[in-house]
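The values are calculated or read from the model by the stated rules, or taken from the named source; none is laboratory data. Everything numeric in this text was worked out from a predicted model, so none of it was measured. Note that we place each Cβ from the backbone using ideal geometry, even for glycine, and neighbour counts take in every protein chain shown.
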């Protein structure tokens, strides 16, 4: 059995606050390893190598923002993979996340009982859209604040963005500051500007398919 454990994400880029957790990756081969999938992203070495060749955003994330914690064979598997292949699905992925944002925005307007969940989905869509779009600059941004860090940043105030971010933590981890009814209304009002921002970027002449 061969195992490699990595930390990746916010802790490796120094973006740590009370809302941060530690992302852990387990690369495994051979005998089954008894790991908690709630704590680890678990991939076989072969599967990760496939993602590397395909140039998936996750492969680029691990390539740029991971640190080896333990290797049963004393080798750094991620380093041995080299640079991932070109990311080919930038436009398709951005379009997918734009659709998710619009669908979640409509659901938020129609159903107040699940407001935190819909705001969480809107945050996920916004963040992933920005990260996928950022590949066009040659320097992808994996921060959870990627919509604010783009050169063509999302045109909303930081306080409004933080409402969506808090909802994400509440929805996925079950803790954090409750989102008030007033904040939900403010997020609803901002949704049209976010949708328009996505559409403008998708229609931009600078939108190409390079990493």
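Points to keep in mind about this one:
- Residue count, segment 56-74 (criterion: part of a loop (DSSP other than H, G, I, E, B), surrounded by fewer than 18 Cβ atoms within 10 Å (Cβ to Cβ) and in contact (Cβ under 8 Å) with a residue 24 or more places away in the chain): 2
- Selection status of residue 114, assigned to a helix (DSSP H, G or I) and modelled with pLDDT under 95: yes
- Among the residues making up segment 178-201, a single one is surrounded by 13 or more Cβ atoms within 10 Å (Cβ to Cβ) and modelled with pLDDT under 95: 179.
- Residues of segment 75-97 satisfying the condition of being outside any loop (DSSP other than H, G, I, E, B) and under 15 Å from residue 48 (Cβ atoms): 77, 78, 79, 80, 81
- Test: residue in segment 126-147 that is more than 20 Å from residue 64 (Cβ to Cβ), assigned by TED's automatic domain parsing to the domain that holds residue 100 and either surrounded by fewer than 20 Cβ atoms within 10 Å (Cβ to Cβ) or modelled with pLDDT under 95 (or both): no
- Criterion violated by residue 15 - all others in (1) more than 20 Å from residue 169 (Cβ to Cβ); (2) touching a residue at least 60 places away in the same chain (Cβ under 8 Å); (3) assigned to a loop (DSSP other than H, G, I, E, B) satisfied: (1)
- Segment 43-55, residues that are farther than 23 Å from residue 90 by Cα and exposed (fewer than 13 other Cβ atoms within 10 Å of the Cβ): 46
- In segment 75-95, the residue that is farthest from residue 142 (Cα to Cα) out of those that are in contact with a strand residue (DSSP E or B) (Cβ under 9 Å, 6 or more places away or on another chain) and surrounded by 15 or more Cβ atoms within 10 Å (Cβ to Cβ) is 77.
- Subset of segment 23-55 (residues that are part of a strand (DSSP E or B), over 23 Å from residue 144 (Cα atoms) and touching a helix residue (DSSP H, G or I) at 6+ places or on another chain (Cβ under 8 Å)): 27, 28, 29
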